[in-house]
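Engineer: So that we are looking at the same thing, I have put the structure below in structure tokens.
The values are calculated or read from the model by the stated rules, or taken from the named source; none is laboratory data. Just so it is clear, the model here is predicted, and its values are computed rather than measured. Please note: Cβ atoms are built from the backbone with ideal geometry, for glycine as well, and neighbour counts cover all protein chains shown.
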Amino acid sequence: MSLSLLASRYADAPGEVPPEADGIVRAMPVILRIERDPQPSRTALLEAAAGAALAVCLDPRAGSGGEWDEPVRTWVDGRIRKIARRARGAHWDAVQELPGVTVGEGPAQARALLPGPVDDVPKIVSRLQIGGTDLEPDAPGPPRAGRPVIVLNPYAEMSVGKAAAQVGHASMILAAVRGWTSAPDFAVRDTTRAEWEALLAKVGTSTSTGAGTVVAVQDAGFTEVDPGTVTCIGLDASGS
């Protein structure tokens, strides 16, 4: 199972980034719906991205022998790259026809597509812009109790597209560690530097409530941040 492989990698060698065995660079395209009007809130869009990336991995088609099994498994075995792009209008409608899963509602939606070689993406995807994903910060308030939370590094300056890829990775690691068989409703939040430092000290340990494990995403540093940067931390439930 692909998520089991992911969990094993992080348990044995945190932060290690293995090369692709066949030399082919693969990535999961994450398409962010960003209409001109109305624009989505930054938080809601990131929450949709976190859920969409995990939903592809937990989809029955990605299970053993399923039609998505080989591409998802091969991707997880290598570098877990995600490339976020923005779409609106007819382009957003067009990517719904490609293999993947859409999460969210209204203006805040994200569709994670089946991972594959970065130099062989569908033409409609290659035409979508990687840049231009910046959205104004918003104030979503405290997350609902019991909702898994992904906290962004306040020291790291990331575009919405970069942050979307990072929270998608955090959702996958949380699911692997906790053995989830379906994607929960994630909360994504900013935090203060003091709170971030306290969370870093808990990485790999049980939460204060004993509800789960605190996990971190350590980025390879291909874009926007330095190699080894912890971009976000995942908590099993809010208030942990």
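Engineer: Pick out the one residue from 189, 178 that is closer than 30 Å to residue 67 by Cβ, charged (D, E, K, R) and buried (at least 16 other Cβ atoms within 10 Å of the Cβ).
Structural biologist: The match here is 178.
Engineer: Please state which one of 17, 25 is over 15 Å from the mean Cα position of the chain (by Cα), within 15 Å of residue 76 (Cα to Cα) and at pLDDT below 60.
Structural biologist: 17
Engineer: Would you say residue 30 is surrounded by fewer than 21 Cβ atoms within 10 Å (Cβ to Cβ) and either closer than 12 Å to residue 77 by Cα or modelled with pLDDT of 95 or more (or both)?
Structural biologist: So residue 30 does not fit the description; no.
Engineer: Has segment 172-190 got any residue that is at pLDDT 95 or above and either more than 18 Å from the chain's Cα centre (by Cα) or among the β-branched types (Val, Ile, Thr) (or both)?
Structural biologist: Among the residues of segment 172-190, at least one is at pLDDT 95 or above and either more than 18 Å from the chain's Cα centre (by Cα) or among the β-branched types (Val, Ile, Thr) (or both), which makes the answer yes.
Engineer: Ok, one more. Go over the candidates 8, 2 one by one and state the one that is crowded, with 21+ Cβ neighbours inside 10 Å and modelled with pLDDT under 95.
Structural biologist: One residue alone meets the criteria, 2.
Engineer: How many residues are closer than 18 Å to residue 140 by Cβ and within 13 Å of the chain's Cα centre (by Cα) if we restrict to segment 28-42?
Structural biologist: Counting residues in segment 28-42 that are closer than 18 Å to residue 140 by Cβ and within 13 Å of the chain's Cα centre (by Cα) gives 1.
Engineer: Here is a follow-up. Check 90, 62, 53, 44 and return the single one that is among the aliphatic types (A, V, I, L, M) and without any contact (Cβ under 8 Å) to a residue 40 or more places away in the chain.
Structural biologist: 90 is the lone residue from the list that is among the aliphatic types (A, V, I, L, M) and without any contact (Cβ under 8 Å) to a residue 40 or more places away in the chain.
Engineer: Are any of the residues in segment 131-141 among the hydroxyl-bearing types (Ser, Thr, Tyr) and under 22 Å from residue 230 (Cβ atoms)?
Structural biologist: Yes, the conditions are met somewhere in segment 131-141.
Engineer: A further question on this structure: Within segment 35-55, can you find the residues that are in contact with a Phe, Trp or Tyr (Cβ under 9 Å, 6 or more places away or on another chain) and not in a helix (DSSP H, G or I)?
Structural biologist: Answer for segment 35-55, where residues must be in contact with a Phe, Trp or Tyr (Cβ under 9 Å, 6 or more places away or on another chain) and not in a helix (DSSP H, G or I): just 35.
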